[in-house]
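See structure below.
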Amino acid sequence: MERFVIVTNKSKDKDLAMTMYIKSFLEERGKTCVIADKNENNSFYHEGREFLSSIPEDAECVIVLGGDGTMLQAARSAAYHDIPLIGVNMGTMGYLAEVEKSGVDEALSRILSGDYDTQERMMLFGSVGEKSDYALNDIVITRNSSMQMNIVNFDIYVNDLFLCNYHADGIIISTPTGSTGYNMSAGGPIVEPSANLILITPICPHTLNSRSMVLPENTKIRIVIKEGRDNRNQEVVAFFDGSGKIEMSTGDSICIEKSAKITKIIKLNRVSFLEVLGKKFDK
(Lines give C-alpha, C1' and ligand atoms only; values in the text may rest on other atoms or scores of the structure.)
Protein backbone atom coordinates (compact mmCIF):
# COMPACT_ATOMS: atom_id res chain seq x y z
CA MET A 1 0.00 0.00 0.00
CA GLU A 2 1.24 3.46 -0.92
CA ARG A 3 -1.66 5.91 -0.44
CA PHE A 4 -3.38 6.33 2.92
CA VAL A 5 -6.11 8.58 4.28
CA ILE A 6 -6.90 9.25 7.94
CA VAL A 7 -10.42 9.90 9.20
CA THR A 8 -10.32 11.32 12.72
CA ASN A 9 -12.97 11.81 15.35
CA LYS A 10 -11.65 15.12 16.65
CA SER A 11 -13.50 14.76 19.93
CA LYS A 12 -11.39 11.65 20.61
CA ASP A 13 -8.07 13.02 19.27
CA LYS A 14 -8.57 16.65 20.20
CA ASP A 15 -5.03 17.87 19.63
CA LEU A 16 -4.59 15.57 16.61
CA ALA A 17 -1.49 14.13 18.25
CA MET A 18 -2.21 10.55 17.14
CA THR A 19 -3.39 11.71 13.72
CA MET A 20 -0.16 13.59 13.03
CA TYR A 21 1.94 10.77 14.50
CA ILE A 22 0.43 8.25 12.06
CA LYS A 23 0.79 10.69 9.15
CA SER A 24 4.48 11.25 9.96
CA PHE A 25 5.09 7.51 10.46
CA LEU A 26 3.78 6.75 6.97
CA GLU A 27 5.40 9.70 5.20
CA GLU A 28 8.80 8.91 6.74
CA ARG A 29 8.52 5.53 5.01
CA GLY A 30 7.78 7.08 1.62
CA LYS A 31 4.01 6.71 1.70
CA THR A 32 1.38 9.30 0.85
CA CYS A 33 -1.01 10.20 3.65
CA VAL A 34 -3.77 12.81 3.74
CA ILE A 35 -6.26 13.74 6.44
CA ALA A 36 -9.89 13.68 5.32
CA ASP A 37 -11.87 16.74 6.32
CA LYS A 38 -15.57 17.35 6.47
CA ASN A 39 -16.87 20.15 4.30
CA GLU A 40 -18.42 23.32 5.67
CA ASN A 41 -21.74 21.50 6.13
CA ASN A 42 -20.02 18.70 8.11
CA SER A 43 -20.83 16.16 5.45
CA PHE A 44 -19.89 14.97 1.99
CA TYR A 45 -22.41 14.27 -0.74
CA HIS A 46 -21.95 11.94 -3.65
CA GLU A 47 -24.80 11.12 -6.03
CA GLY A 48 -27.30 12.42 -3.47
CA ARG A 49 -25.93 10.36 -0.57
CA GLU A 50 -24.46 11.89 2.56
CA PHE A 51 -21.10 10.61 3.77
CA LEU A 52 -18.74 11.44 6.60
CA SER A 53 -15.87 12.90 4.64
CA SER A 54 -14.31 13.31 1.23
CA ILE A 55 -12.12 10.21 1.05
CA PRO A 56 -9.94 10.35 -2.09
CA GLU A 57 -10.91 7.74 -4.65
CA ASP A 58 -7.29 6.68 -5.19
CA ALA A 59 -6.67 5.90 -1.51
CA GLU A 60 -5.64 2.32 -0.78
CA CYS A 61 -6.35 2.27 2.95
CA VAL A 62 -8.50 4.31 5.34
CA ILE A 63 -7.22 4.60 8.91
CA VAL A 64 -10.03 5.57 11.27
CA LEU A 65 -9.24 7.20 14.63
CA GLY A 66 -12.13 7.04 17.04
CA GLY A 67 -14.45 4.19 17.86
CA ASP A 68 -17.06 2.02 16.23
CA GLY A 69 -19.29 5.03 15.51
CA THR A 70 -16.57 6.74 13.49
CA MET A 71 -15.82 3.44 11.75
CA LEU A 72 -19.46 3.12 10.71
CA GLN A 73 -19.54 6.62 9.27
CA ALA A 74 -16.25 6.19 7.43
CA ALA A 75 -17.37 2.82 6.06
CA ARG A 76 -20.10 4.48 4.02
CA SER A 77 -17.48 6.47 2.12
CA ALA A 78 -14.84 3.74 1.98
CA ALA A 79 -17.27 1.12 0.66
CA TYR A 80 -18.42 3.44 -2.10
CA HIS A 81 -14.84 3.51 -3.43
CA ASP A 82 -14.06 -0.10 -2.45
CA ILE A 83 -11.28 0.93 -0.05
CA PRO A 84 -10.41 -1.21 3.01
CA LEU A 85 -10.29 0.41 6.42
CA ILE A 86 -8.82 -0.24 9.84
CA GLY A 87 -9.75 1.40 13.12
CA VAL A 88 -7.59 2.76 15.93
CA ASN A 89 -9.65 2.64 19.10
CA MET A 90 -9.52 6.01 20.87
CA GLY A 91 -12.29 5.26 23.36
CA THR A 92 -13.92 2.22 24.93
CA MET A 93 -13.42 -1.24 23.51
CA GLY A 94 -15.46 -1.80 20.36
CA TYR A 95 -16.09 -4.53 17.84
CA LEU A 96 -14.78 -2.77 14.73
CA ALA A 97 -11.84 -0.60 15.84
CA GLU A 98 -9.37 -3.30 16.87
CA VAL A 99 -6.04 -1.43 17.11
CA GLU A 100 -5.22 0.12 20.49
CA LYS A 101 -3.11 3.30 20.69
CA SER A 102 -0.23 1.38 22.19
CA GLY A 103 -0.16 -0.94 19.18
CA VAL A 104 -0.18 1.62 16.37
CA ASP A 105 3.47 1.16 15.35
CA GLU A 106 3.14 -2.60 15.08
CA ALA A 107 -0.17 -2.32 13.22
CA LEU A 108 1.19 0.14 10.65
CA SER A 109 4.34 -1.93 10.13
CA ARG A 110 2.28 -5.05 9.50
CA ILE A 111 0.05 -3.24 7.02
CA LEU A 112 3.07 -1.93 5.13
CA SER A 113 4.58 -5.42 4.99
CA GLY A 114 1.30 -6.99 3.86
CA ASP A 115 0.91 -9.04 7.04
CA TYR A 116 -2.85 -8.79 7.46
CA ASP A 117 -6.18 -10.30 6.43
CA THR A 118 -9.17 -8.53 4.92
CA GLN A 119 -12.71 -9.33 6.00
CA GLU A 120 -15.66 -8.53 3.79
CA ARG A 121 -18.83 -7.40 5.57
CA MET A 122 -22.21 -7.20 3.89
CA MET A 123 -24.04 -3.88 3.80
CA LEU A 124 -27.65 -2.87 3.37
CA PHE A 125 -29.11 -0.63 0.68
CA GLY A 126 -32.30 1.27 1.44
CA SER A 127 -34.36 3.45 -0.86
CA VAL A 128 -37.38 5.70 -0.49
CA GLY A 129 -38.43 6.97 -3.90
CA GLU A 130 -35.44 8.76 -5.40
CA LYS A 131 -33.51 8.84 -2.12
CA SER A 132 -31.20 6.02 -1.08
CA ASP A 133 -28.25 5.20 1.15
CA TYR A 134 -26.04 2.40 2.49
CA ALA A 135 -25.52 0.99 5.97
CA LEU A 136 -22.93 -1.35 7.44
CA ASN A 137 -24.67 -1.80 10.79
CA ASP A 138 -28.38 -1.12 10.45
CA ILE A 139 -31.25 0.90 9.08
CA VAL A 140 -33.48 2.05 11.94
CA ILE A 141 -36.97 3.38 11.28
CA THR A 142 -38.44 5.31 14.18
CA ARG A 143 -40.50 8.33 15.16
CA ASN A 144 -39.29 11.58 13.68
CA SER A 145 -39.41 13.38 17.00
CA SER A 146 -38.83 12.30 20.57
CA MET A 147 -41.86 14.44 21.42
CA GLN A 148 -44.07 12.26 19.22
CA MET A 149 -45.63 9.85 21.70
CA ASN A 150 -47.67 7.68 19.36
CA ILE A 151 -46.34 4.27 18.43
CA VAL A 152 -45.56 3.63 14.77
CA ASN A 153 -47.71 1.37 12.64
CA PHE A 154 -45.77 -0.64 10.01
CA ASP A 155 -46.70 -3.23 7.41
CA ILE A 156 -43.80 -5.49 6.47
CA TYR A 157 -43.51 -7.28 3.13
CA VAL A 158 -40.84 -9.87 2.37
CA ASN A 159 -40.18 -10.63 -1.30
CA ASP A 160 -43.46 -8.82 -2.12
CA LEU A 161 -45.49 -11.06 0.20
CA PHE A 162 -47.20 -9.55 3.24
CA LEU A 163 -45.48 -10.82 6.39
CA CYS A 164 -46.94 -8.99 9.36
CA ASN A 165 -47.96 -5.72 10.94
CA TYR A 166 -45.99 -4.16 13.77
CA HIS A 167 -47.10 -1.57 16.32
CA ALA A 168 -43.82 -0.47 17.90
CA ASP A 169 -41.59 2.48 18.73
CA GLY A 170 -39.59 1.56 15.65
CA ILE A 171 -37.94 -1.25 13.78
CA ILE A 172 -34.34 -2.26 13.14
CA ILE A 173 -33.14 -3.88 9.93
CA SER A 174 -29.65 -5.11 10.73
CA THR A 175 -26.67 -6.83 9.16
CA PRO A 176 -24.69 -9.45 11.11
CA THR A 177 -22.10 -6.71 11.80
CA GLY A 178 -24.84 -4.63 13.39
CA SER A 179 -26.31 -7.50 15.38
CA THR A 180 -24.21 -6.50 18.43
CA GLY A 181 -25.42 -2.89 18.26
CA TYR A 182 -28.95 -1.52 18.59
CA ASN A 183 -30.32 -4.89 17.48
CA MET A 184 -28.83 -6.60 20.54
CA SER A 185 -30.07 -3.83 22.86
CA ALA A 186 -33.58 -4.34 21.49
CA GLY A 187 -33.43 -8.08 22.23
CA GLY A 188 -32.42 -9.27 18.77
CA PRO A 189 -30.09 -12.22 18.08
CA ILE A 190 -26.30 -11.98 17.92
CA VAL A 191 -24.89 -13.21 14.61
CA GLU A 192 -21.29 -13.91 13.56
CA PRO A 193 -20.33 -10.79 11.54
CA SER A 194 -18.99 -12.62 8.49
CA ALA A 195 -22.39 -14.25 7.88
CA ASN A 196 -24.73 -13.02 5.16
CA LEU A 197 -28.15 -12.57 6.76
CA ILE A 198 -30.69 -9.82 7.37
CA LEU A 199 -32.25 -9.33 10.79
CA ILE A 200 -35.58 -7.64 11.58
CA THR A 201 -36.12 -6.57 15.20
CA PRO A 202 -38.95 -4.38 16.53
CA ILE A 203 -38.19 -1.65 19.08
CA CYS A 204 -40.46 -1.85 22.13
CA PRO A 205 -43.31 -3.64 20.30
CA HIS A 206 -46.82 -3.00 21.58
CA THR A 207 -48.18 -6.34 20.42
CA LEU A 208 -47.58 -9.99 21.28
CA ASN A 209 -45.85 -10.32 17.90
CA SER A 210 -42.48 -9.23 19.27
CA ARG A 211 -40.05 -11.78 17.87
CA SER A 212 -37.05 -10.91 15.74
CA MET A 213 -36.68 -12.53 12.34
CA VAL A 214 -33.56 -13.82 10.62
CA LEU A 215 -33.82 -13.85 6.83
CA PRO A 216 -31.57 -14.93 3.94
CA GLU A 217 -29.25 -12.40 2.33
CA ASN A 218 -31.24 -12.30 -0.93
CA THR A 219 -34.40 -11.16 0.86
CA LYS A 220 -36.07 -7.96 -0.28
CA ILE A 221 -37.89 -6.14 2.50
CA ARG A 222 -40.49 -3.42 2.04
CA ILE A 223 -41.81 -1.50 5.03
CA VAL A 224 -44.95 0.58 4.52
CA ILE A 225 -45.77 3.40 6.92
CA LYS A 226 -49.44 3.10 7.85
CA GLU A 227 -51.84 5.58 9.42
CA GLY A 228 -51.44 6.16 13.11
CA ARG A 229 -54.05 6.10 15.84
CA ASP A 230 -57.26 7.93 14.94
CA ASN A 231 -56.08 7.98 11.30
CA ARG A 232 -53.31 10.44 12.14
CA ASN A 233 -50.48 11.05 9.74
CA GLN A 234 -47.27 9.43 10.93
CA GLU A 235 -43.92 11.18 10.61
CA VAL A 236 -40.98 8.78 10.79
CA VAL A 237 -37.31 8.77 9.80
CA ALA A 238 -34.98 6.05 8.53
CA PHE A 239 -31.48 6.35 9.98
CA PHE A 240 -28.57 4.71 8.13
CA ASP A 241 -25.90 3.75 10.68
CA GLY A 242 -27.17 6.56 12.87
CA SER A 243 -25.98 9.33 10.55
CA GLY A 244 -27.58 9.43 7.11
CA LYS A 245 -31.34 9.81 7.24
CA ILE A 246 -34.43 9.83 5.04
CA GLU A 247 -37.70 11.27 6.35
CA MET A 248 -41.00 9.53 5.60
CA SER A 249 -44.68 9.83 6.41
CA THR A 250 -47.88 7.81 6.11
CA GLY A 251 -48.14 6.10 2.73
CA ASP A 252 -44.39 6.07 2.11
CA SER A 253 -42.45 2.83 1.93
CA ILE A 254 -38.79 1.96 2.24
CA CYS A 255 -37.26 -0.92 0.31
CA ILE A 256 -34.26 -2.62 1.91
CA GLU A 257 -31.99 -5.31 0.51
CA LYS A 258 -28.41 -6.49 0.57
CA SER A 259 -26.18 -3.89 -1.04
CA ALA A 260 -23.87 -4.59 -3.94
CA LYS A 261 -21.30 -2.61 -1.94
CA ILE A 262 -19.29 -4.27 0.81
CA THR A 263 -17.13 -2.95 3.63
CA LYS A 264 -13.59 -4.30 3.68
CA ILE A 265 -12.03 -4.33 7.14
CA ILE A 266 -8.33 -4.99 7.65
CA LYS A 267 -7.81 -7.54 10.42
CA LEU A 268 -4.53 -8.01 12.24
CA ASN A 269 -5.61 -10.08 15.21
CA ARG A 270 -6.48 -13.74 14.94
CA VAL A 271 -8.87 -13.48 17.89
CA SER A 272 -12.26 -14.90 16.95
CA PHE A 273 -15.53 -13.03 17.23
CA LEU A 274 -16.68 -15.44 19.94
CA GLU A 275 -13.59 -14.69 22.05
CA VAL A 276 -14.24 -10.93 21.78
CA LEU A 277 -17.88 -11.51 22.63
CA GLY A 278 -16.97 -13.60 25.66
CA LYS A 279 -14.69 -10.87 27.01
CA LYS A 280 -17.49 -8.33 26.68
CA PHE A 281 -19.94 -10.58 28.49
CA ASP A 282 -17.47 -10.88 31.36
CA LYS A 283 -17.49 -7.11 31.91
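The values are calculated or read from the model by the stated rules, or taken from the named source; none is laboratory data. Computed from a predicted structure; not experimentally measured. Please note that ligands, DNA and RNA were not included when accessible areas were found on the heavy atoms of the full protein model with its side chains. Shrake-Rupley method; radii C 1.70, N 1.55, O 1.52, S 1.80 Å.
Assorted remarks:
- Per atom type, the chain shows carbon and sulfur on 47% of its accessible surface, probed at 1.4 Å.
- Note that the chain presents 48 Å² accessible area per residue, ligands and nucleic acids not counted, probe 1.4 Å.
- With only Cα atoms counted, the chain has Rg and Dmax values of 19.7, 67 Å.
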